[in-house]
Amino acid sequence: MLGLVRRRGAVPADEVIDLALYSDGGFYGAGGSAGRRGDFLTSPEVGPLFGVLVGRALDGWWQALDEPDPFVVVEGGAGAGALARSVLAAGPACSPALRWVCVERAARLRATASATLPVEPPAQVLGGPSRGGPVVTVVDDLPRGPFTGVVLANELLDNLPPVIAERTEAGWGEVRVGEEAGRLVELVVPSAELARPLARWAGGAPPGSRVPLARRADRWVERAKASLDAGWVVCIDYGAPTTAELAERGFAGWLRTYRGHGRGGGWLDDLGRQDITCDVPADQLQPATIEPQAEWLRRLGIDELTGTARHAWQERAAIGDLMALRARSRVAEAAALTDEGGLGRFLVLSWPVGGVAATPAATA
Ligand SMILES: C[S@@+](CC[C@H](N)C(=O)[O-])C[C@H]1O[C@@H](n2cnc3c(N)ncnc32)[C@H](O)[C@@H]1O
């Protein structure tokens, strides 16, 4: 990175983060991932229950669209394919029509997904003649469409690097990365260009505060919307309903680093060896609906599934067989997915496309 900064001068923070995460030697390029053996645990990696509930949501959307065949589900930032695997294993009613497209930028994770899912060539899944589903493929970027279905992304938007803006006495500045005595340092460069959007999203932020400008996330959502002729874009992520809340949360509160299931160091430390992630400022992306994950999962029936599992565990605990253990683990998974201090307070953001209803999840 020092070489790049020496060649180019101060480099925008979002470019530095992009290289740190996605270049060949970057965090995702070289080894980082979600999962128990990875660096952080996401909802699909908690266990199979999240996939069961996403399968229910898919059935609701499929039925609301009059059961199209094919029903295309594009999963952005699919990682190693955990969500696809658990949805396919749950066998939702839409399965015969289902064409699931894992979109993953990191080649290493695409290879793992391809090795663990029954994948077919993209042309077969995206353009081939109608045939029995589910069929799955893995690609490196959003397909163009137009499709009828859903573009889904769990914890993708937080990994699309933000422009970092700082309120100064004179207006707004952009955080860039320069060099001082052979080390990477932050520089705040005045930016008239940022003033307009930031007046809208963070007009009241006092001097010294920092906010993210989620331009890459916004572009991704716009591309996802453009790939649908009818359906929903649904993104699940941590963040805040407003940019103003993030200004109050403070820079260290909304830009975080992770590695090996713990918090990492400063964002410029150990570039490429830790995840760098940003709370999503939902207002900038203008979703039609925002709902906490815990509420969304309740509408999809998580309490009923947990009640059945709790009952099974109580009945079979003394036997201690596989069914008893599965039931116990389902109860634990449900608690993690709805934890108000963790995954349960993630935001489910949705954008309807093509005149469909604005609801983020009709249950089957
Ligand atoms: C935090 S991980 C989430 C993985 C998975 N969705 C989960 O919930 O376990 C984010 C993933 O998005 C991928 N990613 C980042 N930018 C992307 C893009 N523009 N298109 C596709 N994948 C992307 C990363 O490589 C990484 O695997």
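When residues in region 7-32 are screened for being touching a strand residue (DSSP E or B) at 6+ places or on another chain (Cβ under 7 Å), within 15 Å of the ligand (Cβ to nearest atom) and outside any helix (DSSP H, G or I), 1 of them pass. Please verify whether region 133-150 includes one or more residues that are β-branched (Val, Ile, Thr) and farther than 22 Å from Val234 by Cβ. Checked against the condition, which is being β-branched (Val, Ile, Thr) and farther than 22 Å from Val234 by Cβ, region 133-150 yields no hits at all. All told, Ser43 falls short of being over 30 Å from Thr359 (Cα atoms), of a type in the set (Ser, Thr, Tyr) and within 11 Å of the ligand (Cβ to nearest atom). Give me the residue from region 216-243 that is over 11 Å from the mean Cα position of the chain (by Cα) and assigned to a loop (DSSP other than H, G, I, E, B) and, out of that set, nearest to the ligand (Cβ to nearest atom). Among them, the one singled out is Ser227. Within region 131-186, if we keep just the residues that are among the small types (Gly, Ala, Ser) and in contact (Cβ under 8 Å) with a residue 40 or more places away in the chain, the residue that is farthest from the ligand (Cβ to nearest atom) turns out to be Gly182.
Val87 passes every criterion in (1) surrounded by fewer than 19 Cβ atoms within 10 Å (Cβ to Cβ); (2) aliphatic (A, V, I, L, M); (3) at pLDDT 95 or above apart from (1).
Just one of (1) of a type outside the set (S, T, N, Q); (2) part of a strand (DSSP E or B); (3) out of contact with any Pro (no Cβ under 8 Å at 6 or more places or on another chain); (4) open to solvent by less than 20 Å² (accessible area, probe 1.4 Å) fails for Glu179. It is (4). For region 343-361, a residue qualifies if it is surrounded by 16 or more Cβ atoms within 10 Å (Cβ to Cβ) and over 16 Å from Gly149 (Cβ atoms), and the qualifying residues are Leu343, Gly344, Phe346, Leu347, Val348, Leu349. Residues that are among the hydrophobic types (A, V, I, L, M, F, W, C) and within 13 Å of Gly77 (Cα to Cα) within region 205-237 comprise Ala217, Trp220, Val221, Ala224, Val234, Cys235, Ile236, listed in sequence order. Which pairs have Cβ atoms under 9 Å, sit 6 or more apart or on different chains, and link a residue in region 14-29 that is touching a residue at least 60 places away in the same chain (Cβ under 8 Å) and more than 24 Å from Ala165 (Cβ to Cβ) to one that is of a type in the set (A, V, I, L, M) and near the ligand (Cβ under 9 Å from one of its atoms)? Correct list of pairs: Tyr28/Leu21; Tyr28/Ala106; Tyr28/Leu109; Gly29/Leu21; Gly29/Ala106. The listed residues are Ala106, Ala115, Ala93, and the only one of them that is touching a helix residue (DSSP H, G or I) at 6+ places or on another chain (Cβ under 7 Å) and over 26 Å from Val221 (Cβ atoms) turns out to be Ala93.
The values are calculated or read from the model by the stated rules, or taken from the named source; none is laboratory data. These numbers were taken from a predicted model, which means no experiment stands behind them. Cβ: placed from backbone, ideal geometry, glycine included. Neighbour counts: every protein chain shown. The accessibility values were calculated without ligands, DNA or RNA, using every heavy atom of the protein model including side chains. Shrake-Rupley method; radii C 1.70, N 1.55, O 1.52, S 1.80 Å.
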